[in-house]
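Notes to accompany the following structure.
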Amino acid sequence: LKALAATSGASTISFIVKPDCEDIETWCSNRMHDKYIESFVQQVTERLRHLVSSLAVLSKPRNDERSLAKTENDIHVAFADAQLPKNWLSRAEIDRKLKAWTEESKCAYVHIRGNEATGKTAIICQLHALLAKKRCYVITRFVNSSLTEAKL
């Protein structure tokens, strides 16, 4: 942080001393001088706090967001893998739609809604597995998965 502050161009903090009266000796010997020094120290401290906090924000690692996104994706993929049915129970209409999505579309957003315990998660997981086998880029998210919807 010290090196960053020294090279940031913000290493110089300027304050101009402005005594309240023109006679410096009188001003230095009374309480106004003490109040001025206290005020000056407070201003410098605030400026340094601001400088340090602004540099601390800049010095954050740039890959923070990327690693966070990767971790989030890994969690959703692990959930999809764990929820994938061991035995897929064929349903003609659903299987036809899955086949169409995997063979005919180059890009698609799939949002499945339905009542609880109707197989939404199983369908999303099956579709995720089919697309992953075809070496497609797949982003799967489970939104309120214990309630009523999932997204792919």
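Read the figures in this text as sums done on the coordinates, not as results from a lab. Source: prediction; values computed, not measured. So basically every Cβ, Gly included, is an ideal-geometry build from the backbone, and we count neighbours across all protein chains shown.
Where in the range 78-113 does the label zone of Lys134 land, with the point 7 angstrom along Cα→C-beta and an amide N cut-off under 14 Å?
95-110
Among the chymotrypsin sites (Phe, Trp or Tyr not before Pro) within the range 71-109, which fall in a DSSP loop and have no more than 10 other Cβ atoms within 10 Å of their own Cβ?
Of the chymotrypsin sites (Phe, Trp or Tyr not before Pro), the ones in loops of the range 71-109 whose Cβ has at most 10 other Cβ atoms within 10 Å are Tyr109.
Using 7 Å Cα-to-Cβ label points, what is the Glu103/Val44 separation (nm, one decimal)?
With each label placed 7 Å out from Cα toward Cβ, I get 7.8 nm.
Within the range 108-145, which trypsin sites (Lys or Arg not before Pro) sit in a loop by DSSP and count at most 10 neighbouring Cβ atoms inside 10 Å?
Lys134, Arg135
Using Cα-Cα distances under 8 Å and only pairs 6 or more residues apart, what relative contact order does the range 64-151 have, in percent?
It comes to 35 percent, rounded to a whole number.
Pop the C-beta distance of Asp95 and Leu68 into the FRET formula with R0 = 41 Å and round what comes out to the nearest 0.05.
0.70
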